[in-house]
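Participant: Dumping the structure here so I can ask a few things about it.
The values are calculated or read from the model by the stated rules, or taken from the named source; none is laboratory data. Predicted model only: the values in this text are computed from it and were never measured. Methodologically, a virtual Cβ is constructed for each residue, glycine included, from the backbone with ideal geometry; neighbour enumeration extends over all protein chains shown. Accessible surface areas use protein heavy atoms only, side chains included; no ligands, DNA or RNA. Shrake-Rupley method; radii C 1.70, N 1.55, O 1.52, S 1.80 Å.
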Amino acid sequence: MIKCTVNSKEPKIIITEAEGIPLIDLSPLISCNTEAEDSSLVAEIGDACKNWGFFQVINHGVPLKCREKIESAARKFFEVFDLTVKKPTIIPSSHQSDDKELNQLMNQWPEDLPELKEACEEYAEEMEKLAFKLLEFIALSLGLPKTRLSGIFKDHDSFLRLNHYPPCPAPHLVLGVGRHKDPNALTILGQDEVGGLEVKRKADGEWIPVKPTPNAYIINVGDLIQVWSNDEYEIVEHRVMVNSEKERLSIPFFLNPPNSTWVEPLGELINKQNPAKYKPYNWGEFLAKRARSNFEKLDIENIQISHFRI
């Protein structure tokens, strides 16, 4: 007989439904597990990626105290605040693929709020752990070796963002975050009890609000997973609406590969019946061009993975 224990400091939450998107219990990851439980979890995550591109996770192993700490520090700060996870983060100096010069990014912290640095760095470590666990299960769900995707992120260029949305009495007139798809591999979102995230359902194109679940994280796969899986996992649009009465806090973690990464459908998933649907592209150059389009008018629309379709 196998005895299984769950961290007593984080009580197990059982919820069967959360406004449409799947809700997945990751407790087998933080307790002892059996092969059958692993297999069931792989299937759940695979189905969620294929049918929604989004899911929520509970019993994920991230200490509640860690989340409370960063939320408390963030509320004391507030503007939008981005920080890199690796210290330092090395990126190309320009979007040109033949430019070999590198820039070094270092986080700048407010001197009058010392607890912000500690809270953010601790939280980022927990997000890294969770992201790599999820990558392993996504890889398995595609029939790949467990570390096939996580191995790409050995020297990742991920970042964390603190978002604050003030209330507005006419929320329909305010841009929270417009409809978009994430260009990265995975996004792990912590949102407060106010909510505001909406997901475009694949089945009918309806916008579905994601109801906040206490101490849960919302996961969505990005462009990279779509390309690597050769469209097996197609991502969906999402947006954020502001609240008419309450301020909203959200903390997304964006899992990015090294800037030098070349992205294309994985060879293991390509065959005569399922040929590659994308041309290779350089992640760092793609990201730089995407960022430039926010500040200057380019000859094409904001670059998308659709521009690399074969």
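Participant: What does the net charge come to around LEU186 if you take all other residues with beta carbon closer than 12 Å to its beta carbon, with K and R at +1 and D and E at -1?
Facilitator: Details: positive: LYS133; negative: GLU128, GLU136, ASP182, ASP223.
Net charge in that neighbourhood comes out at -3.
Participant: What are the ³J(HN,Hα) couplings of the stretch 222-237, residue after residue, when phi is run through the Karplus curve with 6.51, -1.76, 1.60 and θ = phi - 60°? Round to Hz, x for glycine and proline.
Facilitator: 3J(HN,Hα) across the stretch 222-237, in whole Hz: x, 3, 4, 5, 4, 5, 4, 7, 6, 6, 5, 10, 9, 7, 10, 6.
Participant: For the stretch 247-252, in order, what is each residue's ³J(HN,Hα) by Karplus, 6.51 cos²θ - 1.76 cosθ + 1.60 with θ = phi - 60°, in whole Hz (x at glycine and Pro)?
Facilitator: These are the phi-based 3J(HN,Hα) values: 6, 10, 10, 9, 9, x Hz.
Participant: If amide hydrogens are placed 1.01 Å from N in the peptide plane, which non-local residues have theirs closer than 5 Å to the one on GLY53?
Facilitator: Residues meeting the amide H criterion: none.
Participant: At 7 Å along the Cα-to-beta-carbon direction for both GLN108 and ARG161, put a label point, then send me their distance in nm to one decimal.
Facilitator: Going from the GLN108 label point to the ARG161 one covers 1.9 nm.
Participant: Distance in nm between label sites at SER72 and ALA291, each 7 Å beyond Cα in the beta-carbon direction?
Facilitator: 3.3 nm
Participant: Related question: Using R₀ = 25 Å, calculate the FRET efficiency as 1/(1 + (r/R₀)^6) where r is the Cβ-Cβ separation of LYS272 and LYS50; round to 0.05. Before the final figure, lay out the partial values.
Facilitator: Values: r = 22 Å, r/R0 = 0.90.
With R0 = 25 Å, the Cβ-Cβ based efficiency is 0.65.
Participant: How would LEU105, LEU189, LEU116 line up by accessible area, probe 1.4 Å, largest first?
Facilitator: Values: LEU105 65, LEU189 20, LEU116 0 Å².
Highest to lowest solvent-accessible surface, that is LEU105, LEU189, LEU116.
Participant: Ordered by packing density, taken as the mean number of other Cβ atoms within 10 Å over each peptide's residues, highest first, how do 180-188, 272-280, 260-268 rank?
Facilitator: Numbers: 180-188: 21.2, 272-280: 12.1, 260-268: 15.9.
Peptide ranking by packing, descending: 180-188, 260-268, 272-280.
Participant: If you don't mind, there's one more thing I want to ask. Arranged from highest to lowest average of other beta-carbon atoms within 10 Å per residue, in what order do the peptides 72-79, 151-158 appear?
Facilitator: Working: 72-79: 14.8, 151-158: 17.5.
Result, highest mean first: 151-158, 72-79.
Participant: Separate question: Show me, for the stretch 197-209, the HN-Hα J-couplings you get by feeding each phi into the Karplus relation (A = 6.51, B = -1.76, C = 1.60, θ = phi - 60°), rounded to Hz, glycine and proline as x.
Facilitator: Each residue of the stretch 197-209 in turn: 6, 10, 10, 7, 5, 4, 4, 9, x, 6, 7, 10, x Hz.
Participant: Just going by the charge dipole of the stretch 119-190, with Lys and Arg at +1 and Asp and Glu at -1 on Cβ, which of ILE188, GLY178, LEU162 is farthest out on the positive end?
Facilitator: GLY178
Participant: Further question: Could you give the length gained on full extension between ASN243 and GLN304, defined as 0.36 nm per residue of separation minus the Cα-Cα distance, in nm? Display every interim value, and only then the final one.
Facilitator: Working: separation 61, 0.36 × 61 = 21.96 nm, distance 2.97 nm.
Gain on stretching ASN243 to GLN304: 19.0 nm.
Participant: What residues qualify as long-range amide H neighbours of ASN256, i.e. H under 5 Å apart, gap of 5 or more or another chain, H built at 1.01 Å from N?
Facilitator: Counting only residues 5 or more places away or on other chains, the set is ASP157, SER158, PHE159.
Participant: Less than 15 Å Cβ to Cβ from ARG248, Lys/Arg counted +1 and Asp/Glu -1: what total charge do the surrounding residues give? Let's see the in-between values first.
Facilitator: On the way: positive: ARG75, ARG161, LYS211, ARG239, LYS246; negative: GLU71, GLU79, ASP192, GLU193, GLU198, GLU245, GLU247.
Local net charge: -2.
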